[in-house]
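Taking it in order: structure first as structure tokens, then the write-up.
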Amino acid sequence: MRFLAAIALTWITATTAAMANTGIPTDGALGFQHAVTPIMERIVEFHDLLLWIIVPITLFVTALLAYVMVRYRAKANPVPSKNSHNTLLEVIWTGLPVLILMVISFYSFPLLYMSDEIPETDFTIKATGYQWYWGYEYPDHGVEQYLSNMIPEDEIVDGQERLLSVDYPLVVPLNATVRLQVTAADVIHNWAMPSFGSKIDAVPGRLNEIWFQVTELGTYYGQCSELCGRLHGYMPIEVRVVSQDVFDAWIAAEPGTDDANAILAQNTADRATRLAQLD
């Protein structure tokens, strides 16, 4: 009982910590980061369904193996059985997995379609992977490409995250449906954002695309998830989700400049003040 209680306490603590730090990895956390897009919410639901399927299967197979090893060990059966077929068992162990796969496909195919089919979007962002940083441009807003580099560890200040914060982040407005086109200039990279349920390869000479719609304000972090060279682990992604008016001001201030970053910093300070007042 103490062992089970310890497991439950660990799970509750880790889950609480993950929820308290939306959009960022948390030490000791279990499961996914908090979902902030419709796609990620569906992914979490699908994961939970698979968990209820795989746990009974694992327990059943483990118990069956234990039974077979004890019941049919050589010492208990000096004369081996000569039976080789059981029609009923063969039908069951063939038909039951087929039914389970049909149930899984009933949920997985719509999820695949949802993530692959781009709906009507509000605007498009193009992300280009370089060794080892990202370049972003907003063609619908007339914003040319600006570069997003990781902030060196010795320059990190309060409010920034080691190996995750960047000098000029990607910025999107709350609840906007965004088309993200991804490519690369040198080797294969991967644009991955756990809280969004987004993960797509950036391939030189090819334009891949995904979409997302973030439903919660905040700062979210991801990383390049393709082994792209020596500094692969130093190629983070930072996305700021802000209100529409802040986004408009950021666009007007020319993204990729200190003036644009000042608007984001002021917005973060204002949010912190409002949250402190609510507490």
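Where a number appears in this text, it was derived from the coordinates with a stated rule and is not lab data. Predicted, not measured: the structure shown is a model, and the values here were computed from it. Cβ atoms come from the backbone with ideal geometry, glycine included; neighbour counts cover every protein chain shown.
Worth a mention:
- Positive-end extreme of charge dipole, the chain - chosen from 77, 190, 49 (charges on Cβ): 77
- Cβ charges +1 (Lys, Arg) and -1 (Asp, Glu), total dipole of the range 32-116, debye: 720
- Model label points for residue 243 and residue 103, set 7 angstrom from Cα along the Cα-to-Cβ axis, are 4.7 nm apart.
- Tensor-based shape of the range 157-232 (alpha-carbon gyration tensor, a/c under 1.5 rounded, otherwise prolate or oblate): oblate
- Among the DSSP helices (H) of the chain, those spanning at least 20 angstrom by Cα along their long axis with an average Kyte-Doolittle hydropathy of 0.5 or more are 2-20, 38-71, 87-116; this is a geometric and hydropathy rule only.
- Taken about its Cα centre, the range 123-278 carries a charge dipole of roughly 520 debye when the Cβ of each Lys and Arg holds +1 and the Cβ of each Asp and Glu holds -1.
- Residue of 230, 162, 73 that the Gaussian network model of the chain assigns the largest fluctuation, springs spanning Cα pairs under 10 Å: 73
- Cα gyration tensor, the range 123-278 - rounded (a/c under 1.5), prolate or oblate: prolate
- Set of aspartates and glutamates with alpha-carbon distance to residue 126 below 12 Å, sequence-local pairs under 8 removed: 137, 140, 144, 209
- The alpha carbon convex hull volume per residue for the chain rounds to 219 Å³.
- Computed [θ] at 222 nm, deg cm²/dmol, the chain (DSSP H ≥ 4; -39,500 (n - 2.57); rounded to nearest 500): -14000 deg cm²/dmol
- Residue exposure proxy: 235, 150, ordered by other Cβ atoms within 10 angstrom of their Cβ from fewest to most, comes out as 150, 235.
- Here the Gaussian network model covers the chain, with springs between Cα atoms less than 10 Å apart; of 63, 253, 184, 63 fluctuates the most.
- Considering only 263, 249, 227, and ranking their Cα positions along the charge dipole of the range 123-279 that arises from unit charges at the beta-carbon of Lys, Arg, Asp and Glu, the one farthest toward the positive end is 227.
- In a reduced charge model with +1 at each Lys and Arg Cβ and -1 at each Asp and Glu Cβ, the chain shows a dipole moment near 2240 debye about its Cα centre.
- Cα gyration tensor, the range 97-166 - rounded (a/c under 1.5), prolate or oblate: oblate
- Inter-part distance where the range 159-188 and the range 240-254 are each reduced to a Cα centre, Å: 15
- Sorting the segments 211-224, 40-53, 238-251 by their mean number of nearby beta carbons within 10 angstrom, highest to lowest, gives 211-224, 238-251, 40-53.
- Cα lying deepest toward the dipole's positive end in the chain, options 114, 157, 239, charges on Cβ: 114
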